[in-house]
1. By a straight-distance test (C-alpha under 15 Å), which aspartates and glutamates pair with Lys132 as possible cross-link partners, with residues fewer than eight away in the same chain excluded?
2. Using θ = phi - 60° and the Karplus relation 6.51 cos²θ - 1.76 cosθ + 1.60, list the HN-Hα couplings for the stretch 143-150 in order, rounded to whole Hz, with x at every Gly or Pro.
3. Arrange the peptides 84-93, 56-65 so that the one whose residues have, on average, the most other Cβ atoms within 10 Å appears first.
Amino acid sequence: MTGYTNLADTPSRRIWTKTVSAVLGLGMIGLVATVPTAAHAADALATMLANPNLTKWASWIQDTGMGPAASKNGPYTTFVPTNEAISILPQKDIKYISPETGGAYPDASRLIFVLRSHVVMGLHPMSELAGKRTTLKSLNGKPIIIDATNPASVTITTAGSMAHLVGEPIMSDNALIYPIDKLDVTANTRR
């Protein structure tokens, strides 16, 4: 798996973190979690905004008015497509997620549905998921299937669309954030 620059290395925000694999039991599958120290903890939205690989998803959270919930609620686990995953979306999906002139989204409810399809209540560390296939329920009631039977290739399936866990899981003060390599807007808007 490829690593990502963690929060401490972002130019826009310096948050000192300590690497703790034992906290989340991730050492057994070769992943490391970055856990903000108590003095510098950040909520999920701030954590995503500070990570240069997750800013697009975080901006959608803000643009749809979900920012206060992402900042204050929890704990929860979220599977966040990286900026790279979002940048390679097919043109047919762009219409659902691109703001029109003036900044308004053509169908904000659809974008909210996509965002909510990647979040589950509660913290679900890899120690809970490792070595098995687990189904969790997203905030919009749809299943998220995590297949961690192969530690070298953990997959996350939402609405029939499969993505792979990439980089390190990131712990904020109210969420566990798993970066993933794909977003299928069409599959995630089927209600």
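1. Within reach: Asp147.
2. Result, rounded to whole Hz: x, 10, 9, 10, 10, 10, 6, 10.
3. 56-65, 84-93
All of the numbers you see were taken from the coordinates with simple rules; none came from a lab. Bear in mind the structure is a predicted one, so any value in this text is a computation, not a measurement. So basically every Cβ, Gly included, is an ideal-geometry build from the backbone, and we count neighbours across all protein chains shown.
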